[in-house]
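A.B. asks: Below are the structure tokens for one structure; questions will follow.
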Amino acid sequence: MDSKGLLLFTTDGQINNALTKPGHCMKVYEIWVRGHVSDKHILQAKSGVESKYGLLKALEVDKLAFGGAKTKLRVVINEGRNRHIRRLFGALKDSKFGTPLKVLELKRISIGSFNLDLESSSWRFLTLEEERNITR
């Protein structure tokens, strides 16, 4: 299971709160799921799935591509519980095989107004203007 993409690190409490407070900051992911993701799965993911970790749901789910028995999705959430997306889709069953859907690859492509614009393993500091925009 690969996880990649945009990460923001901070020691500033105000910035951390703005990025992690539920409902405050949209996070967008591109994921590959093993299994056939149907429109019913998308509705379930948007309505929410009860789990031992609480209600897990996505604000938006869009199909981007298919490849064999895999589906590529764009998923938007506004909270960031640990393994949120993996647990959400793992709670849904592939209607063809009856097995849980499984996130094979997950890539965060944006956090709030920040889009992934660097090569893998690259990094940069935020500008002062970017820091100010986070806490507005």
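The values are calculated or read from the model by the stated rules, or taken from the named source; none is laboratory data. Everything numeric here is computed off the predicted structure, so don't read it as measured data. For neighbour counting, all protein chains shown are included, and Cβ atoms are generated from backbone atoms with ideal geometry for every residue, glycine included.
A.B. asks: Of all residues in segment 68-81 being more than 14 Å from residue 42 (Cα to Cα) and touching a residue at least 24 places away in the same chain (Cβ under 8 Å), which is farthest from the chain's Cα centre (by Cα)?
C.D. replies: Applying the filter and picking the extreme gives 69.
A.B. asks: List every residue pair whose Cβ atoms lie under 6 Å apart, where the two residues are 6 or more positions apart in sequence or sit on different chains, the first residue falls within segment 108-136 and is outside any strand (DSSP E or B), and the second residue, located anywhere, is of a type in the set (Val, Ile, Thr).
C.D. replies: Cβ pairs passing all conditions: 116/109; 134/15.
A.B. asks: For residues that are part of a strand (DSSP E or B) and modelled with pLDDT under 90, tally how many sit in segment 5-30.
C.D. replies: So the answer is 1.
A.B. asks: Take segment 31-48 and flag every residue that is in a strand (DSSP E or B) and either modelled with pLDDT of 95 or more or within 14 Å of the chain's Cα centre (by Cα) (or both).
C.D. replies: Passing the criteria: 31, 32, 33.
Yes/no per residue for (1) under 21 Å from residue 103 (Cβ atoms); (2) in contact with a strand residue (DSSP E or B) (Cβ under 6 Å, 6 or more places away or on another chain); (3) among the basic types (Lys, Arg); (4) surrounded by 19 or more Cβ atoms within 10 Å (Cβ to Cβ):
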{"residue": "7", "(1), (2), (3), (4)": "yes, no, no, no"}
{"residue": "10", "(1), (2), (3), (4)": "no, no, no, no"}
{"residue": "24", "(1), (2), (3), (4)": "no, no, no, no"}
{"residue": "32", "(1), (2), (3), (4)": "yes, yes, no, no"}
{"residue": "35", "(1), (2), (3), (4)": "yes, no, no, yes"}
{"residue": "38", "(1), (2), (3), (4)": "yes, no, no, no"}
{"residue": "52", "(1), (2), (3), (4)": "yes, no, yes, no"}
{"residue": "61", "(1), (2), (3), (4)": "yes, yes, no, yes"}
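A.B. asks: Evaluate segment 77-95: report whether one residue or more is at pLDDT below 85 and assigned to a strand (DSSP E or B).
C.D. replies: no
A.B. asks: Can I ask one more? Out of segment 96-129, which residues are surrounded by 14 or more Cβ atoms within 10 Å (Cβ to Cβ) and either more than 15 Å from residue 70 (Cβ to Cβ) or of a type in the set (S, T, N, Q) (or both)?
C.D. replies: 108, 109, 110, 111, 112, 114, 116, 126
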